[in-house]
Amino acid sequence: MPNAPSTADWTPEQRAAFYARRASRNRALGVLLFALVALFFGITVVRMTGQKPPIPAAKLPPAVAAPAS
Amino acid sequence: MPQANIAAEHVSGTAMAPGSGIAPGTAFAEWRDYFALLKPRVMTLVIFTAFCAMIAAPGTMHPFLAFTGILCIAVAAGAAGALNQWYEADIDAVMKRTAKRPLPAGKMGKDEALAFGVILGTGSVVVMGLALNWVAALWLAISILFYVIVYTMWLKRRTPQNIVIGGAAGAFPVICGWAAVTGDTPLLAWILFAIIFLWTPPHFWALALFMEADYSKAGVPMLPVTHGLANTRWQILGYSALLVPVTIAPPLLGLTGWAYGGTAITLGVIFMWMAAKVARNTADVPAGMAPEKQLFKFSLLYLACLFGALVADRLLIPGAGL
């Protein structure tokens, strides 16, 4: 790789271009993180609500439905 | 291109292309560069075929989980594309078609591309396993590894049959899509796999014929470079003759209805006619390769219509042949 100029040697245009690119990437990263949170939240909700409903008490054996105290 | 030079490029890490217009010290990849690394155009086809396989597969699925499955397949395809570009930055730099990609253009370091691909690939497999099932996740992992290791690293630079074997990499998403719904991979899923597998050589060799100079310059042993244009044209016809019967197999085996079957026959006749035109062509410069360009464009439409017909068939006659 050729010798890269140090940040101190940047022209104002180069510095502005660098900041613009970094800001753009940071915004995209923020959107991506939010999307991941939404995705995992959605998966969790669907997986939890998609479970078979609990067995109604009427169908359980009497000893299980109303255990003796 | 000498193998030693290629190897040297691969261990050198970050490489900034001269003349990229970006001072090395200010190069900082934007989100667009990462997006370009995912090969979004290739991803479109992968998403479409996987989506069609998910609809064709028997069974139901919550729409959000179906979306998650498609997302995982798309991200995995993107990860494979990123790893492919990481490994092939040297070839991409000398080919006109690929010279503007983020790595050869100097917008991103090779290490960044490698990390990006590995993280996306691993993440997509894990999410597929946790959200849907581990059979689909296994096929997803196999598809990434096949594309990166078998196709990109092993075959592409060594054999003119690279596209034939590499076609399997593009065919795995239908297996992943099907497995995401059912948790298994029955005969129809593998027939869909075979359709994409056999479709790939005519599709890519048609492109390689009129881009032959580019591949030759990059030292990639594509069939037109190693075996000549006439041989490639006859192989296109041969693979087309194998492809068409496979597309017609599902209705014959009772796995789909004839809404799909009629479409497959019609499209197959047109495909064979175009492949025959390519086989008869003798032009050796791109300007005279209209049949090759037509076949390349039609092959995209062909696959889209074929899978579209499969979905339509399944929606018209739910559960047919299952």
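Odds and ends about this structure:
- Taking every full run of DSSP H in chain B, the ones that stretch at least 20 Å from end to end by Cα along their long axis and average -1.0 or higher on the Kyte-Doolittle scale are B:40-56, B:63-87, B:110-131, B:162-182, B:187-210, B:223-252, B:258-280, B:290-316.
- Inter-centroid distance (Cα atoms) of segment B:245-309 relative to segment A:12-49, Å: 41
- Between B:LEU316 and A:ARG47, the modelled label-to-label distance comes to 3.9 nm, taking each label 7 Å out from Cα in the direction of the beta carbon.
- In this simple spin-label model, placing a label point 7 Å from the Cα along the Cα-to-Cβ direction at both B:VAL269 and B:VAL118 gives a separation of 5.4 nm.
- Note on chain B: GNM, Cα springs under 10 Å; of B:ALA57, B:ALA82, B:ALA304, the largest mean-square fluctuation is that of B:ALA304.
- Model label points for A:LEU36 and B:LEU300, set 7 angstrom from Cα along the Cα-to-Cβ axis, are 3.2 nm apart.
- Projected area averaged over orientations for segment B:146-303, convex hull of C-alpha atoms, nm²: 9.4
- Mean projection area, nm², convex hull over Cα of the protein assembly as shown: 26.2
- For chain B, built as a Gaussian network whose Cα springs stay under 10 Å, the top-fluctuating residue of B:VAL125, B:VAL42, B:VAL148: B:VAL42
- Across segment B:31-184, Cα-Cα pairs more than 28 Å apart make up 19 percent of the total.
- As a calculated quantity, the FRET efficiency between B:VAL126 and B:VAL285 at R0 = 45 Å, using C-beta atoms, amounts to about 0.35.
- The helix-based estimate of mean residue ellipticity at 222 nm for chain B, built from -39,500 (n - 2.57) per DSSP H run of four or more residues and divided by its residue count, is -24000 deg cm²/dmol to the nearest 500.
Every number in this text was worked out from the coordinates using simple rules, so none of it is lab data. Keep in mind that what you see is a predicted model, and the values were worked out from it rather than measured. So basically every Cβ, Gly included, is an ideal-geometry build from the backbone, and we count neighbours across all protein chains shown.
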